[in-house]
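Here's the structure we're looking at; comments come further down.
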Amino acid sequence: DQQVKQNSPSLSVQEGRISILNCDYTNSMFDYFLWYKKYPAEGPTFLISISSIKDKNEDGRFTVFLNKSAKHLSLHIVPSQPGDSAVYFCAAIRNSGNTPLVFGKGTRLSVIA
Amino acid sequence: GAGVSQTPSNKVTEKGKYVELRCDPISGHTALYWYRQSLGQGPEFLIYFQGTGAADDSGLPNDRFFAVRPEGSVSTLKIQRTERGDSAVYLCASSLTGISGTQYFGPGTRLLVL
(Lines give C-alpha, C1' and ligand atoms only; values in the text may rest on other atoms or scores of the structure.)
Protein backbone atom coordinates (compact mmCIF):
# COMPACT_ATOMS: atom_id res chain seq x y z
CA ASP A 1 0.00 0.00 0.00
CA GLN A 2 1.65 3.20 -1.21
CA GLN A 3 1.58 5.79 1.56
CA VAL A 4 3.20 8.45 -0.64
CA LYS A 5 1.94 8.73 -4.18
CA GLN A 6 3.29 10.61 -7.15
CA ASN A 7 0.74 9.89 -9.82
CA SER A 8 2.55 11.54 -12.71
CA PRO A 9 5.52 9.46 -13.80
CA SER A 10 6.74 12.21 -16.11
CA LEU A 11 6.32 15.88 -16.89
CA SER A 12 7.64 18.07 -19.72
CA VAL A 13 7.90 21.83 -19.36
CA GLN A 14 9.38 24.55 -21.52
CA GLU A 15 12.35 26.45 -20.21
CA GLY A 16 11.29 29.57 -18.32
CA ARG A 17 7.84 28.25 -17.48
CA ILE A 18 6.59 26.90 -14.16
CA SER A 19 6.98 23.22 -13.26
CA ILE A 20 4.47 21.81 -10.80
CA LEU A 21 5.10 18.38 -9.31
CA ASN A 22 2.40 16.84 -7.19
CA CYS A 23 2.42 14.40 -4.31
CA ASP A 24 -0.35 12.84 -2.22
CA TYR A 25 -0.06 10.94 1.03
CA THR A 26 -2.41 8.71 2.94
CA ASN A 27 -0.87 8.51 6.42
CA SER A 28 -2.18 11.41 8.55
CA MET A 29 0.62 10.78 11.05
CA PHE A 30 3.22 12.17 8.63
CA ASP A 31 4.34 15.57 9.87
CA TYR A 32 7.38 16.43 7.79
CA PHE A 33 7.74 16.32 4.02
CA LEU A 34 10.77 16.52 1.77
CA TRP A 35 11.58 16.71 -1.92
CA TYR A 36 14.65 15.04 -3.33
CA LYS A 37 16.10 15.43 -6.81
CA LYS A 38 17.97 12.63 -8.56
CA TYR A 39 20.20 12.68 -11.60
CA PRO A 40 21.12 9.42 -13.37
CA ALA A 41 23.85 7.39 -11.62
CA GLU A 42 23.77 9.70 -8.59
CA GLY A 43 22.06 9.42 -5.23
CA PRO A 44 19.03 11.58 -4.39
CA THR A 45 19.89 15.13 -3.31
CA PHE A 46 17.83 16.98 -0.74
CA LEU A 47 16.02 19.94 -2.28
CA ILE A 48 13.48 21.44 0.10
CA SER A 49 11.29 20.42 3.01
CA ILE A 50 8.21 21.56 4.88
CA SER A 51 6.84 20.91 8.33
CA SER A 52 3.16 20.14 8.78
CA ILE A 53 2.75 23.32 10.83
CA LYS A 54 3.39 25.38 7.70
CA ASP A 55 1.60 25.57 4.38
CA LYS A 56 4.40 27.04 2.32
CA ASN A 57 8.18 27.04 2.21
CA GLU A 58 10.24 28.90 -0.35
CA ASP A 59 13.89 28.61 -1.33
CA GLY A 60 14.93 30.55 -4.40
CA ARG A 61 13.19 29.13 -7.44
CA PHE A 62 11.68 26.28 -5.42
CA THR A 63 8.48 26.50 -3.38
CA VAL A 64 6.69 23.67 -1.64
CA PHE A 65 3.02 23.98 -0.75
CA LEU A 66 1.26 21.75 1.75
CA ASN A 67 -2.48 21.23 1.97
CA LYS A 68 -2.96 19.11 5.08
CA SER A 69 -6.71 18.71 4.76
CA ALA A 70 -6.27 17.29 1.26
CA LYS A 71 -3.09 15.38 2.22
CA HIS A 72 -1.47 16.93 -0.79
CA LEU A 73 1.77 18.75 -1.45
CA SER A 74 3.29 20.26 -4.53
CA LEU A 75 6.68 21.51 -5.63
CA HIS A 76 6.80 24.58 -7.84
CA ILE A 77 9.90 25.46 -9.83
CA VAL A 78 9.91 28.94 -11.34
CA PRO A 79 11.44 29.60 -13.79
CA SER A 80 12.29 26.09 -14.95
CA GLN A 81 15.78 25.56 -16.35
CA PRO A 82 17.22 22.70 -18.44
CA GLY A 83 19.44 21.75 -15.48
CA ASP A 84 16.30 21.02 -13.47
CA SER A 85 15.69 17.95 -15.65
CA ALA A 86 15.85 15.04 -13.20
CA VAL A 87 13.65 12.64 -11.25
CA TYR A 88 11.96 14.29 -8.27
CA PHE A 89 10.97 12.22 -5.26
CA CYS A 90 8.50 13.28 -2.62
CA ALA A 91 9.17 11.80 0.82
CA ALA A 92 7.38 11.91 4.14
CA ILE A 93 8.26 11.14 7.71
CA ARG A 94 6.63 10.90 11.08
CA ASN A 95 9.12 13.12 12.83
CA SER A 96 7.95 12.52 16.33
CA GLY A 97 7.91 8.77 15.91
CA ASN A 98 11.43 8.23 14.60
CA THR A 99 10.07 6.34 11.65
CA PRO A 100 11.96 6.09 8.39
CA LEU A 101 11.46 8.22 5.28
CA VAL A 102 8.75 6.95 2.96
CA PHE A 103 9.30 7.84 -0.70
CA GLY A 104 6.97 8.15 -3.65
CA LYS A 105 7.86 6.55 -6.98
CA GLY A 106 9.15 9.79 -8.44
CA THR A 107 8.30 12.09 -11.33
CA ARG A 108 10.71 12.56 -14.21
CA LEU A 109 10.86 16.24 -15.15
CA SER A 110 12.14 17.25 -18.57
CA VAL A 111 12.75 20.95 -19.15
CA ILE A 112 12.91 21.65 -22.85
CA ALA A 113 15.04 24.53 -24.06
CA GLY B 1 34.17 17.88 2.39
CA ALA B 2 33.55 14.34 1.25
CA GLY B 3 30.03 13.11 0.82
CA VAL B 4 28.67 9.63 1.35
CA SER B 5 30.62 7.10 -0.65
CA GLN B 6 29.60 3.57 -1.62
CA THR B 7 31.61 0.72 -3.03
CA PRO B 8 31.48 -1.00 -5.39
CA SER B 9 29.53 1.22 -7.77
CA ASN B 10 28.44 -1.85 -9.70
CA LYS B 11 28.32 -5.51 -8.73
CA VAL B 12 27.37 -8.43 -10.92
CA THR B 13 26.97 -11.79 -9.21
CA GLU B 14 25.40 -15.15 -9.79
CA LYS B 15 22.28 -16.43 -8.12
CA GLY B 16 23.12 -18.06 -4.81
CA LYS B 17 26.31 -16.09 -4.17
CA TYR B 18 27.11 -13.86 -1.20
CA VAL B 19 27.70 -10.12 -1.63
CA GLU B 20 28.86 -7.28 0.59
CA LEU B 21 28.11 -3.64 -0.12
CA ARG B 22 30.02 -0.92 1.71
CA CYS B 23 28.98 2.55 2.79
CA ASP B 24 31.21 5.35 4.10
CA PRO B 25 29.02 8.05 5.66
CA ILE B 26 29.86 11.71 6.04
CA SER B 27 32.32 12.13 8.88
CA GLY B 28 30.58 12.86 12.15
CA HIS B 29 27.15 11.68 11.04
CA THR B 30 25.74 9.42 13.72
CA ALA B 31 22.78 8.08 11.75
CA LEU B 32 23.14 5.80 8.72
CA TYR B 33 20.45 4.33 6.49
CA TRP B 34 20.22 1.70 3.80
CA TYR B 35 17.57 1.85 1.07
CA ARG B 36 16.85 -0.28 -1.97
CA GLN B 37 15.58 1.23 -5.20
CA SER B 38 14.09 -1.07 -7.82
CA LEU B 39 13.42 0.08 -11.37
CA GLY B 40 10.57 2.59 -11.54
CA GLN B 41 10.23 2.80 -7.77
CA GLY B 42 11.31 5.21 -5.10
CA PRO B 43 13.90 4.24 -2.50
CA GLU B 44 12.53 1.74 0.03
CA PHE B 45 13.84 1.73 3.57
CA LEU B 46 15.83 -1.30 4.71
CA ILE B 47 17.60 -0.47 7.97
CA TYR B 48 18.66 2.49 10.11
CA PHE B 49 21.65 2.70 12.47
CA GLN B 50 22.09 5.18 15.27
CA GLY B 51 25.75 4.82 16.18
CA THR B 52 26.70 1.15 16.17
CA GLY B 53 23.27 -0.26 16.83
CA ALA B 54 20.46 -0.98 14.41
CA ALA B 55 17.66 1.27 15.62
CA ASP B 56 15.16 -0.01 13.06
CA ASP B 57 15.62 -3.02 10.77
CA SER B 58 11.96 -3.43 9.90
CA GLY B 59 12.60 -2.90 6.19
CA LEU B 60 14.93 -5.86 5.70
CA PRO B 61 12.97 -8.17 3.39
CA ASN B 62 14.12 -11.48 4.94
CA ASP B 63 16.91 -13.09 6.91
CA ARG B 64 19.21 -13.25 3.88
CA PHE B 65 19.83 -9.55 4.43
CA PHE B 66 22.02 -8.32 7.26
CA ALA B 67 23.87 -5.08 7.98
CA VAL B 68 26.54 -4.06 10.45
CA ARG B 69 28.19 -0.86 11.59
CA PRO B 70 30.74 -2.10 14.15
CA GLU B 71 32.52 1.18 14.89
CA GLY B 72 29.69 3.60 14.27
CA SER B 73 31.07 4.80 10.96
CA VAL B 74 31.41 2.50 7.94
CA SER B 75 28.55 0.10 7.34
CA THR B 76 28.33 -3.11 5.34
CA LEU B 77 25.14 -4.55 3.90
CA LYS B 78 25.43 -8.30 3.45
CA ILE B 79 23.20 -10.40 1.23
CA GLN B 80 23.39 -14.18 1.41
CA ARG B 81 22.19 -16.63 -1.25
CA THR B 82 21.37 -13.83 -3.67
CA GLU B 83 18.28 -14.11 -5.83
CA ARG B 84 17.47 -12.43 -9.13
CA GLY B 85 14.85 -10.34 -7.34
CA ASP B 86 17.60 -8.75 -5.25
CA SER B 87 18.78 -6.86 -8.34
CA ALA B 88 18.38 -3.16 -7.57
CA VAL B 89 20.30 -0.04 -6.66
CA TYR B 90 21.26 -0.08 -2.98
CA LEU B 91 21.48 3.42 -1.56
CA CYS B 92 23.14 4.50 1.64
CA ALA B 93 22.42 7.79 3.40
CA SER B 94 23.66 9.48 6.54
CA SER B 95 22.45 12.32 8.72
CA LEU B 96 24.01 14.36 11.47
CA THR B 97 21.42 13.60 14.08
CA GLY B 98 18.63 11.12 14.31
CA ILE B 99 16.12 10.03 11.76
CA SER B 100 14.52 13.47 11.54
CA GLY B 101 17.71 15.01 10.24
CA THR B 102 18.23 15.72 6.56
CA GLN B 103 19.60 12.60 4.92
CA TYR B 104 22.49 12.81 2.47
CA PHE B 105 22.67 10.01 -0.05
CA GLY B 106 25.57 8.23 -1.67
CA PRO B 107 25.58 7.37 -5.39
CA GLY B 108 24.41 3.83 -4.74
CA THR B 109 25.62 0.35 -5.66
CA ARG B 110 23.93 -1.19 -8.68
CA LEU B 111 23.57 -4.91 -7.96
CA LEU B 112 22.74 -7.33 -10.75
CA VAL B 113 22.07 -10.95 -9.89
CA LEU B 114 22.23 -13.24 -12.91
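The values are calculated or read from the model by the stated rules, or taken from the named source; none is laboratory data. Only a predicted model underlies this, so the values are computations on that prediction, with no experimental measurement involved. FYI the Cβ positions are ideal-geometry reconstructions off the backbone, even for glycines, and counts take in every protein chain you see. Surface accessibility is based on the protein's heavy atoms, side chains included, excluding ligands, DNA and RNA. Shrake-Rupley method; radii C 1.70, N 1.55, O 1.52, S 1.80 Å.
Between A:LYS71, A:LYS38, A:LYS54, which is of a type in the set (D, E, K, R), under 30 Å from B:ALA55 (Cα atoms) and crowded, with 20+ Cβ neighbours inside 10 Å? Give the derivation first.
On the way: A:LYS71 fails: crowded, with 20+ Cβ neighbours inside 10 Å; A:LYS54 fails: crowded, with 20+ Cβ neighbours inside 10 Å.
Result: A:LYS38 is the single residue among A:LYS71, A:LYS38, A:LYS54 that is of a type in the set (D, E, K, R), under 30 Å from B:ALA55 (Cα atoms) and crowded, with 20+ Cβ neighbours inside 10 Å.
Inspect segment A:71-79 for any residue being at pLDDT 95 or above, aliphatic (A, V, I, L, M) and within 30 Å of B:ASP57 (Cβ to Cβ) and give the result as yes or no. Outline the logic, then answer.
Within segment A:71-79, the subset at pLDDT 95 or above is A:71-79.
Cutting the leftovers down to aliphatic (A, V, I, L, M) gives us A:73, A:75, A:77-78.
So of that shortlist, the ones also within 30 Å of B:ASP57 (Cβ to Cβ) come out as A:73.
Yes, that holds for at least one residue.
From the set of residues in segment B:86-113 that are farther than 12 Å from B:GLN6 by Cα, modelled with pLDDT under 95 and assigned to a strand (DSSP E or B), which is farthest from the other protein chains (Cβ to nearest Cβ)?
B:SER95
Is it the case that some residue within segment A:100-108 is of a type in the set (D, E, K, R), on the phi < 0 side of the Ramachandran plot and modelled with pLDDT under 95?
No, the conditions are met nowhere in segment A:100-108.
Between a first residue in segment A:102-113 that is open to solvent by 80 Å² or more (accessible area, probe 1.4 Å) and a second residue that is of a type in the set (D, E, K, R), which pairs have beta carbons less than 6 Å apart while being 6 or more apart in sequence or on different chains?
Listed by first residue and then by second, the contacts come to A:ALA113/A:GLU15.
In segment B:16-38, is there at least one residue being under 26 Å from A:VAL87 (Cα atoms), away from chain A (no Cβ under 14 Å) and buried (at least 20 other Cβ atoms within 10 Å of the Cβ)?
No.
So which residues in segment A:91-101 are open to solvent by less than 10 Å² (accessible area, probe 1.4 Å) and more than 8 Å from chain B (Cβ to nearest Cβ)?
A:ALA92
Are any residues in segment B:69-109 touching a Lys or Arg at 6+ places or on another chain (Cβ under 7 Å) and within 18 Å of A:TYR36 (Cα to Cα), and if so, which ones?
Answer for segment B:69-109, where residues must be touching a Lys or Arg at 6+ places or on another chain (Cβ under 7 Å) and within 18 Å of A:TYR36 (Cα to Cα): B:VAL89, B:TYR90.
Which residues, taken from segment B:51-85, are facing another protein chain (nearest Cβ under 10 Å), open to solvent by less than 40 Å² (accessible area, probe 1.4 Å) and not in a strand (DSSP E or B)?
Passing the criteria: only B:GLY59.
In segment A:1-108, which strands (runs of 3 or more DSSP E) lie fully inside it and hold 3 or more residues that are over 15 Å from the mean Cα position of the chain (by Cα)?
The qualifying strands (runs of 3 or more DSSP E) are A:10-14.
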